[in-house]
Structure formats: C-alpha cells, structure tokens
Amino acid sequence: MRVVDVNRILGPVPHDDVPGRDAAGLRGELDRLRIDEAWVVHSHAVYGDPLTVPPVEEDRLLAVPAVIPGPLGTGELPPVPVVRLYPAAHRFSLGDDGSDHHDDGARLLRLLGERRTVTLVDWEQLDAAGRRRLSRRPGMPPLVLTGTGYRSLRELAGLLARCEHLHVDTSTLCGHRQVEWAAERFGAHRVLFGTGSPLTDDAGPRFQLDHLDLPAADVARIAAGNADRLLREAGGAHAAGERGSRTGGSPTGRSRTGGREAGG
Amino acid sequence: MNVIDAHAHLGRWFNFAIPDGSAESLLAVMDRCGVAQACVSHLLAVGPDARAGNALLVADLARYPGRLLGYAVYQPHDPEAGARLRDLLDVPGMAGVKLHPDVHEAELDAPAYAEAFEIAAERGVPVLSHGQYGSPWSDPARFAAVGPRYPALPVLMGHAGLWPEGFAAAARAAAAAPNLVLETCGSRMTARHLVRLVREVGAERIAFGSDAVFLDLRVGLGRVRLAELSEADRAQILYGTMKGLL
C-alpha cells in the first residue's frame, strides 16, 4: 500500500532534537515507517524566516510553502499544487468578509480557490472567525484541516457535514475509532493520512493506518489516494503532468519524483 | 505477545465526543491489533458519579472476565469512599485503584487520597493516577512526594507527565521513587519521547497504556510497536511491566 504523509515538518525545530532536522534524517524515518512520500513544510517557514526558506532537494518530498498574504507577506502566489497557511503564527487574518476585495486574506483565499490549490491549515491556527471563513462557499480551495485534535470532533463534524471542500488529516484524529467514524460519516475521500511529525507522533498513526476497520479501498484512499487526487485536481501550472520535475531552491519549489512502492 | 493495556476507559465524556464508548467497541479494537487485556476505569466514575460509574464497571467486568481488568475509582469527596473501595476490590477482576486529581481537584499527595493509597497497599494492588506536568494537582513532583510513603505499592504515573516538556520531570520523579512506573498514553507522546524515557529510566519502569476510549488504542500501541527499541524492551513495556504489577 502506497502511503503519503501530507502533514510533516522538515528541518530543525526550536524545542526538540528531531530526526527530520535534515532531509537525510527524514528519509530514514520515512523508510523505517514505510511512508513513501511526504508533503513537507520547512521549519524555517514555520519558526524562522518565511521569506528565505532552504530548498527541499529530496525525492519523495513535496515542498509545501507557507504563504503569507499582504505587503509584508511572501509575495506573489507561487505556482505550486499545495500551500500551508499559518494565520496565528504569522499574524494575519483570513478576512471577515469574502466579498471584500481589499482584504489580503480574502484575496489570497479567492486566488487559491481559483487555482484549486490544496490548502492545509492547522486547526489551532484558526480562531472561530477563521473557521467560519474557511467554511464559506463558494470559491474556497480544497482545504485540509490538520491537527484538529480528538477533543474537537463535535465542532469538526459540523464543519465537515456542511462543507464538502473541507478534508481532515489523521494526525490528531486520534480519539477512539475517530478515523473510522469520520470516513463512514463523511466518506473516506475526506480523510488524508497525516502525522504532524515531529510535533505529534508518526509511529502511532502509521500503525493505526494498517489496522483500520474499513474496506481496503477506503484505507488506500486515506493512505495516498486522496492526496494524489487532490494533486491531480490542482490546476494551472502544477498539473499532474508536471509531477516529477525538480525545481527546488525556493519556497515555491517542489521536488518530487514519485515514491517507491512499499510492501504491506 | 499478550499485550496488556495499563490505562483504558469505558463510557463517554462531557467535553468532547466519543461516538462509541462501549466495552464491545473497545474489545473489537483490542482484537484487531492484538491486545489481550485492558485495565479500565469507567468515565462516569472518573467524572461526576463514582458510585454509579464503578457499578457500571463491575457489570462489564462480569461480562468480559479475563479481557477487562478493573480500576475502582476512589472519589476523595465521598465520605464513604474507603468502605466502597474495599468492597470494590473484592470484586473478581478488579485489579487496582484509579485516581484523577485534576478532575477531583485534590492534590495527589494530600490527605484526601491517603486512605486510597493505604487500602491499595494493604490489598497489594497498583494505583494509577492521572499525571500532568505543571498541574497543581498531579505534577510529577507530587508523585515523587507520595511514592516513598508507600514504598511497596506500585504507583503508575498516567501519561508520564502528559506534555513533552514534562517527560523529563516524570523521569526524575521515577528516579526519586523506585515504586513509580511511567505509563505511556497521551496525544503528545511520540515514539522518540518513549525511546528517551526508556534510556532514562529503563523499560522495566514503563508500562504501555492507550487511554482508550478517550484515545485510539491503535495509536498508542503503534507508538510502542514502531519505536526504535530492542525487542526485549518492547516486550517489557507492552506486557512485562504490567504483568508484574497485577
């Protein structure tokens, strides 16, 4: 079964010593846990200088830039299939009103929606207004809520029920049978395998993936199929046919040549 | 391997959703990933109603003998808690005492819990307490204070401090009190944290727990199964440590 971890940080973090402090270390972790590919945001973009991020030059890793709107943001939206937003950490607003063309956050979301750019946002990066903003349709990009936490299932369930463009990763969907519950209630096409590593555990979610009480086809969707589908659907300059090109070298770059097939 | 889950629950909880907290649901997950026994308390007993929750636990122990072992919740605000605990520890399958200082709003090392420790020591059953670094009720330092008072009594520190910044404090407490055992569940514990704890205190001082049905048993088990540990240490954590306490 092919496995893609959509929620991972590459690089050193300020509060711990982690195996993924560099690409070689991260590759070792992926090998050990039989994870074929990972979507990675660089730790410099999260904890350091979002404007100057080291390149990700590693097969199996899809570099995901952290995008910041506004005059002091990361500039023109790069032609990439996946971005991450950190509104709390980077201190910006997603906008209160989608009709306000002068609002930087709203404009960014509208552009991401037009391009169908897969957009990852961590639950804890959103206040109540941000969650309402992302649940508004139409025009939103495909959104993956990460790190939703097992305690937030009631609120998350309401959002998933109302908003087909919302997806959830498994990183902290770690309450008793919550992955099964979300997949059965909203469809396995809404759930993506993600670990949140190194901030949250990678071993537990990986083991859980192998022991889900779901049809094999649904498990395969969660493991990699949904991630692949969202990438295919991401339009413009990052169409599926361009996969495998290694641009690297900037926050907008991506290096991805496809992963090996792992057993089991 | 006969994996024993040292920290699990039945029931539901008020401030987040547990879609299915039944014993049958827990047992189905245990069967799916090879867990032989789970040591459980009932969440109703941990929360507002120890009497009713412990009664529900007794009923589930009778339905699944051998698969479920019980922790009787000691409610320090119940004037009859001591007598009730003695009766509960007579029930077949009741294997220990559960304390939750943060829910009870009582310090682990305060007189409110002294009777629970004394009865557990007298009966020779372990005590599992919630342990949360930085908490005014259950910080690892409180385990280090209470442990030496009952040197022959195994005391499990639930969650090993809970937060990553608290794992080192949990290890220090274990070093200070030889009867403390660190239990591994929690949504912030990772496999690398577990490896460090093994290095610091030894696998014989660590027991696998999942916190099901709060948390998914498979996530907690996978953390141990896929950690970079020797097979001997892995077996000790998944089975040996808890087996030695029961």
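Anything in the range A:192-206 that is among the hydrophobic types (A, V, I, L, M, F, W, C) and either at the interface with chain B (Cβ under 7 Å from one of its Cβ atoms) or closer than 16 Å to A:His42 by Cα (or both)? List them, or say none.
Answer for the range A:192-206, where residues must be among the hydrophobic types (A, V, I, L, M, F, W, C) and either at the interface with chain B (Cβ under 7 Å from one of its Cβ atoms) or closer than 16 Å to A:His42 by Cα (or both): A:Leu199, A:Ala203.
Residue by residue through the range A:176-227, note down the ones that are within 25 Å of A:Pro12 (Cα to Cα) and open to solvent by 30 Å² or more (accessible area, probe 1.4 Å).
Passing the criteria: only A:Leu199.
Go through the residues of the range B:234-245 one by one and say whether even a single one is part of a loop (DSSP other than H, G, I, E, B), over 21 Å from B:Pro178 (Cβ atoms) and either aliphatic (A, V, I, L, M) or within 7 Å of another protein chain (Cβ to nearest Cβ) (or both).
no
Need at least 1 residues that are surrounded by fewer than 19 Cβ atoms within 10 Å (Cβ to Cβ), away from every other protein chain (no Cβ under 14 Å) and in contact with a Phe, Trp or Tyr (Cβ under 9 Å, 6 or more places away or on another chain) per element, so show me which strands (runs of 3 or more DSSP E) inside the range B:87-172 make the cut, counting only ones lying wholly within it.
Here the list is empty.
Does the range B:196-211 hold any residues that are open to solvent by 20 Å² or more (accessible area, probe 1.4 Å) and at the interface with chain A (Cβ under 10 Å from one of its Cβ atoms), and which are they?
Of everything in the range B:196-211, just one residue is open to solvent by 20 Å² or more (accessible area, probe 1.4 Å) and at the interface with chain A (Cβ under 10 Å from one of its Cβ atoms), namely B:Arg196.
Could you tell me whether A:Ile68 is within 29 Å of B:Arg196 (Cβ to Cβ), under 19 Å from the mean Cα position of the chain (by Cα), assigned to a loop (DSSP other than H, G, I, E, B) and modelled with pLDDT of 95 or more?
Details: within 29 Å of B:Arg196 (Cβ to Cβ): no; under 19 Å from the mean Cα position of the chain (by Cα): yes; assigned to a loop (DSSP other than H, G, I, E, B): yes; modelled with pLDDT of 95 or more: yes.
Answer is no for this residue.
Restricting attention to the range A:144-159, does a residue exist that is open to solvent by less than 30 Å² (accessible area, probe 1.4 Å), away from chain B (no Cβ under 13 Å) and at pLDDT below 95?
Scanning the range A:144-159 turns up at least one residue that is open to solvent by less than 30 Å² (accessible area, probe 1.4 Å), away from chain B (no Cβ under 13 Å) and at pLDDT below 95.
Provide a single number: the residues in the range A:160-181 that are of a type in the set (A, V, I, L, M) and facing another protein chain (nearest Cβ under 9 Å).
Result for the range A:160-181: 2.
Do we have B:Leu221 as over 29 Å from B:Ala110 (Cα atoms) and under 16 Å from the mean Cα position of the chain (by Cα) here?
yes
The values are calculated or read from the model by the stated rules, or taken from the named source; none is laboratory data. Small disclaimer: the values here were computed from a predicted structure and weren't measured. Please note: Cβ atoms are built from the backbone with ideal geometry, for glycine as well, and neighbour counts cover all protein chains shown. Accessible surface areas use protein heavy atoms only, side chains included; no ligands, DNA or RNA. Shrake-Rupley method; radii C 1.70, N 1.55, O 1.52, S 1.80 Å.
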